[in-house]
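Here the structure comes first, spelled out in structure tokens, and everything after it is commentary.
Coordinate-derived values only; no laboratory data. Remember, it's a predicted structure, so these values are computed and weren't measured experimentally. Neighbour counts are summed over all protein chains in view; Cβ atoms, including those assigned to glycine, are modelled from backbone coordinates with ideal geometry.
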Amino acid sequence: MSEETKKPAGKKKLELDPRLAEYRGIWVFIEHERGTLHTVSWELLGEGRKLADKLGVPLAGVVMGEPGEDTRRFCQEAFYHGADHCYLMEDPLLKDYRNQPFTKGMTDLVNAYKPEILLLGATTLGRDLAGSVATTLKTGLTADCTELNIDVEIRSLLATRPTFGGSLLCTIQTLNYRPQMATVRPRVMAMPKRDTTRSGDITEHKLSMIESDIITKVLEFIPDQNTNKINLEYADIIVSGGKGLKKQENFQLIWELAKVLGAEVGATRPLVQSGWVEAGRQVGQTGKTVRPKLYIAAGISGAIQHRVGMDASDVIVAINNDPNAPIFDFATYGIVGNAMTILPALTEAFRRELANRRAEAVAV
Amino acid sequence: MLHIVVCIKQVPDSAQIRVHPVTNTIMRQGVPAIINPYDLYALEEALRIKDKFGGFVTVITMGPPQAENALRKALSFGADDAILVTDRAFAGADTLATSFALASAIRQIEKNMPVDMIFCGKQTIDGDTAQVGPGIAKRLNLELLTYISSITSVSAGKKEIVVQRRSEGGVQVLKTRLPCLVTMLEGSNEMRFATMPNMIRAARTTVKRWDRIAAGIEDVTKIGLKGSPTVVSKVFAPSPKTVKAEIVQTESNEPQDLVGSLLMRMFTKFPHVREELEKSATV
């Protein structure tokens, strides 16, 4: 690309390079595996809707999978969650996720229909696919965004993500390449309302590939056992512990409260690193992002690395013996005190309160 | 014999990074530089394959001259050869430009000895993007296997590999052909200790330094800032929440009173939390 075609970012009312202006519309990759849809797709459609309205362009879902009822159903659901349009690629080769056919399919779709923005979930599948597609298309990709916006004048995606372990945020733009790509972690964006009066149209596109083109074969799929699955990201109530609990046996108090509340258990990174809790329970920058209705944080100071993973919770209750702990700057309620005595009292109070309620309900 | 290339990165230990409260700049002073922890799983897995089937492990990194320390550390764990790709022209590279430079350097490595496998960590702890591994694979047209939790079998003769790959709802068992690029999941193995002979060898080995030309890169528009489609337009500190926590206090400040007061306030102001609790509670 020659220097003359580059436009300075700051100037307003620029004519977009015609080569870039060809790209229009916002796409969201609708992620599903084995008949299960990943709800990050709906969260992205909710956010994509806002961006599309700012730009005055349509919002489309991209559904790729083996032919069957599932793919049609996911298109329908995409419309309910905000899409105007769906690009559908059905082929038996797309039954299981494999990098090669999905990268080929997605890059072909982009080259054929030219979206200006392509959003994917920052899941294992989404990250694998996004990195491959961006490299193949030689365009920019911003990972793990926490905020998306548009500079309408230059039709540019403003993708904001934490950097240096969440200590700082940076806004990244892809000025001279299209599509502008970004991944977003599950639960960072709010879930849009499902509106069954919405509908849209479907464009079908063939995957131009045959099985013998694909080098990697799926021998088997071993589904996770439901019993030991940790559903932290989508939990409505979470009880979390940090270093302030001092000893590993004190973490039991977290489990006891969680049991009474029917809550999931979370933890900070130091506890995971000390082996008190499994890695799948880590909340924060290098762990999970959560947005429960209630988040109880005991013995957690509220370092930025933890905060970025949980401050979208509706109600945050913080228990810490240090009145100056940063967690009190952003929690909803704070109790300054010893977590080891407050936690059992809290467990007991909830037990009593909820048992009373149940008794009343039965009496009525 | 298998030739395995391991890509590593020297990163600041993010647990020890602080941001200057006034200027919002990163305070790097005194923050130790370490091998990206995720890359150690990649290196260990490569060394295990070498132990089992015989092989040659080359470690490569792109970075400033002091990144040589990371390579020397890798040699002390048992890597055979180390290459530091370093040039001012690489400065400001995003993931696309980084994968271009590393892929080009790996092509130069291949001129001496064909490469069977490339190992990377699943992501770095400073950038957290997980994009460079897939980028290198695509540029070299290799099979890409990300988030690998275990390598079930390697057939050096047939040049085939069977792996377990973590996906959102389970584990995929995949078979593919070499050469391929693997990104290893954390916890998949445990790094060995450096042995005395390896430490001595590491101290004596010359870490090769490749500039842009040695790495086979002629087109400077593909590397560094120029080769990066993404630009950082703004860096800022997260905005502090204006509303601080309502601190629950009672006359006695006894635990029972405090939690009682908390529940009353919370259930009055946020009735939906109460409804949620009634749905999920196990009492």
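Just from its helices, what would the mean residue ellipticity at 222 nm be for chain B, if runs of 4 or more DSSP H residues each count -39500 (n - 2.57) and the sum is divided by every residue, rounded to the nearest 500 deg cm²/dmol?
Helix contribution divided over all residues of chain B: -9500 deg cm²/dmol.
Just to be sure I understand: of the beta bridges DSSP finds with both ends in chain A, what percent are antiparallel, rounded to 5?
20
Please label the shape of region B:109-182 as rounded, prolate or oblate, based on the square roots a ≥ b ≥ c of the eigenvalues of the alpha-carbon gyration tensor (a/c under 1.5 means rounded; beyond that, a/b larger than b/c means prolate, else oblate).
Taking the square roots of the gyration eigenvalues as a ≥ b ≥ c, region B:109-182 is oblate.
Grab the DSSP H runs of chain A that are 4 residues or longer, score each as -39,500 (n - 2.57), total them, divide by all residues and round the 222 nm result to the nearest 500 deg cm²/dmol.
-9000 deg cm²/dmol
Could the peptides B:29-35, A:257-263, B:159-165 be put in order, highest first, of the mean number of other beta-carbon atoms found within 10 Å of their residues?
So the order, starting with the most tightly packed, is A:257-263, B:159-165, B:29-35.
Which ordering of B:HIS272, B:HIS3, A:HIS81, B:HIS20 is given by a fewest-first count of other beta-carbon atoms within 10 Å?
B:HIS20, B:HIS272, B:HIS3, A:HIS81
Isolated Cys in chain A by the 4.7 Å beta carbon test?
A:CYS145, A:CYS170, each lacking another Cys Cβ under 4.7 Å.
What ranking of A:THR183, A:THR136 emerges when the number of other C-beta atoms within 10 Å of each C-beta is taken as an exposure proxy, fewest first?
With the fewest neighbours first, A:THR183, A:THR136 line up as A:THR136, A:THR183.
Using only atoms on other chains, find how many Cβ atoms lie within 10 Å of each Cβ of peptide B:256-266 and report the average.
6
What is the order of A:ARG161, A:ARG24, fewest Cβ neighbours within 10 Å to most?
Final ranking by Cβ density, sparse to dense: A:ARG24, A:ARG161.
Looking at chain B, do any whole DSSP H helices span at least 18 angstrom along their long axis by alpha carbon and average -1.0 or above on Kyte-Doolittle, and which?
Membrane-span-like by this criterion, though nothing is claimed about a membrane: B:37-53, B:95-112, B:255-269.
Which shape class applies to region A:223-294: rounded if a/c is under 1.5, otherwise prolate when a/b exceeds b/c and oblate if not, where a ≥ b ≥ c are the square roots of the Cα gyration tensor eigenvalues?
Verdict is rounded for region A:223-294.
Past the 26 Å Cα-Cα mark, which pairs from B:LYS122/B:LYS175; A:LYS206/B:LYS158; A:LYS114/B:LYS222?
A:LYS206/B:LYS158
Name the most mobile residue of A:ARG307, A:ARG351, A:ARG98, meaning the one with the largest mean-square fluctuation, in a Gaussian network model of chain A with Cα contacts below 10 Å.
Most flexible of the set in this elastic network: A:ARG351.
Arrange the peptides A:239-246, B:95-102 so that the one whose residues have, on average, the most other Cβ atoms within 10 Å appears first.
Ranked by mean Cβ neighbours within 10 Å, highest first: B:95-102, A:239-246.
Helix A:99-113 sits at what angle to the longest principal axis of chain A, using alpha carbons and giving 0 to 90 degrees rounded to 10?
Roughly 60 degrees between the two axes.
Would you please state the base-10 log of I(q)/I(0) at q = 0.12, 0.15 1/Å for region A:237-363, with intensities from the Debye formula using one equal scatterer on every alpha carbon?
-0.41, -0.63
Setting aside same-chain residues fewer than 8 positions from A:LYS247, which aspartates and glutamates have a Cα under 19 Å from its Cα?
Excluding near neighbours in sequence, the set is A:GLU256, A:GLU278, A:ASP322.
By its C-alpha gyration tensor, with a ≥ b ≥ c as the square roots of the eigenvalues, how is region A:112-180 shaped: rounded for a/c under 1.5, else prolate for a/b larger than b/c, else oblate?
Since a/c reaches 1.5 but b/c is at least a/b, the shape of region A:112-180 is classed as oblate.
Among the aspartates and glutamates, which have Cα under 18 Å from the Cα of B:LYS208 when same-chain residues fewer than 8 positions away are ignored?
Answer for B:LYS208, where 18 Å is the Cα cut-off: B:GLU68, B:ASP80, B:ASP81, B:ASP87, B:GLU110, listed by chain and number.
Compute the angle between helix A:69-80 and the longest alpha-carbon principal axis of chain A, please, reported from 0 to 90 degrees and rounded to the nearest 10.
80
Using a Gaussian network for chain A with springs between C-alpha atoms less than 10 Å apart, which of these wobbles most: A:LEU346, A:LEU118, A:LEU271?
A:LEU346
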